[in-house]
Amino acid sequence: MKILITGYKGFIGSNLFKKLSERHEVAGFDWGDDFPEISGYDWVIHLGAISATTEKNIERIMIHNYDFSVELYQTCALYGVNLQYASSAQVYGLGTNFKEDAPPDPRSPYAWSKYLFDRYVEQDSIDNMIVQGFRYFNVYGPGDENKGNQSSPFTKFRKQKEELGYIEVFAPAGKYKRDFIHVNDVIDYHIKFFNVEESGIWNIGTGETRSFLDIAEEIGGEVREIPVPDNIRPFYQEWTCADMTKTQATMKRWISG
């Protein structure tokens, strides 16, 4: 197959690019390049975005994450090229219902940009292409360190231990729990969904949670509690756990016979 990946230099994109290149003809697009030529591709995998939940420049977020996504979607529709794109569990906000049809509760400009594109895709009706949106939960793995302050606790805590001699966990310790999924498992979902002849939105997680404290204790060393910073407190999710019912049913229907 011939595949185009946007955001191919990023954390998930670079890992996906490397894996797919083993079997397919893969090209990459990065922000700042001329708009990509879409005609002739079998799939476009759209991962490029401003992923920082702390980004406050709404105009910048909308241009990168929404406007470009809509243009890319429309171009794929023009040429009948299938599209996979990255959504986010941030769409669910501070709630505890993590089903794909749960009421959205975006709390940051980043989350809003993801929700608005989900909504745009769901309200459009295209018959000549497959469109698959994936709501990633907390992804970690090789290359995660390049995300800086947005890196996973696995990376951030190891760096703190090396540089500070201790690990900082938001208080109260043990309260904050997330659904962490390895980047290789995310890639596996992308590949398997090539065989899914359906459009829709699916959760990409494990359906299980781990606390930040558990990860810190696994790394080892002194753990210190710190308050949640004021700049992220309004949208910081205490608990996330992907409801994998729809994803598992889809996999069984198309992948497992």
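Relative contact order for the chain: what percent, with Cα pairs under 8 Å and sequence separation of 6 or more?
After rounding, I find 19 percent.
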Query raised in the report: Counting other Cβ atoms within 10 Å of each Cβ, which GluC sites (Glu not before Pro) in the stretch 193-257 have at most 10 and sit in a DSSP loop?
Result: E197
Query raised in the report: Taking square-rooted eigenvalues a ≥ b ≥ c of the alpha carbon gyration tensor, is the stretch 1-140 rounded, prolate or oblate, where a/c under 1.5 means rounded and, failing that, a/b exceeding b/c means prolate?
Result: prolate
Report summary line: Here, I191 and Q248, labelled 7 Å along Cα→Cβ, have an inter-label distance in nm of 2.3
Report task. Taking every pair of Cα atoms in the stretch 147-257, average 1/r, invert it to obtain the Kirkwood radius, and report Rg/Rh to two decimals. Result -> 1.07
Requested in this report: Report, as a whole number in µm² per second, the diffusion coefficient that Stokes-Einstein gives for the stretch 57-187 at 20 °C and 1.002 mPa s using the Kirkwood radius over alpha carbon pairs.
Outcome: 127
Requested in this report: Using every Cα-Cα pair within the chain, state what percent have a distance larger than 34 Å.
Outcome: 16
Requested in this report: Search the structure for amide H atoms under 5 Å from the amide H of I167, placed 1.01 Å from N in the peptide plane, and list their residues when 5 or more places away or on another chain.
Outcome: E222, V223, R224
Query raised in the report: Once you have the alpha carbon radius of gyration of the stretch 144-185, what is it after dividing by 2.2 N^0.38 Å, with N set to its residue count?
Result: 1.25
Query raised in the report: What is the order of W43, W112, W239, fewest Cβ neighbours within 10 Å to most?
Result: W239, W112, W43
Report summary line: Percent of all alpha-carbon pairs of the stretch 152-217 at distances over 19 Å, whole number, is 48
Query - Cα-based Rg and Dmax for the stretch 67-131, where Dmax is the largest Cα-Cα distance (Å) - result: 12.9, 39
Report summary line: Count of lysine pairs, the stretch 157-257, Cα-Cα under 29 Å, sep. 8 or more residues or interchain, comes to 10
Query raised in the report: Cα centroid distance between the stretch 1-16 and the stretch 46-80, in Å?
Result: 15
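Rule-based calculations on the coordinates, nothing more; no lab input. Predicted model, so just to flag it, every value in this text is computed and none were measured. FYI the Cβ positions are ideal-geometry reconstructions off the backbone, even for glycines, and counts take in every protein chain you see.
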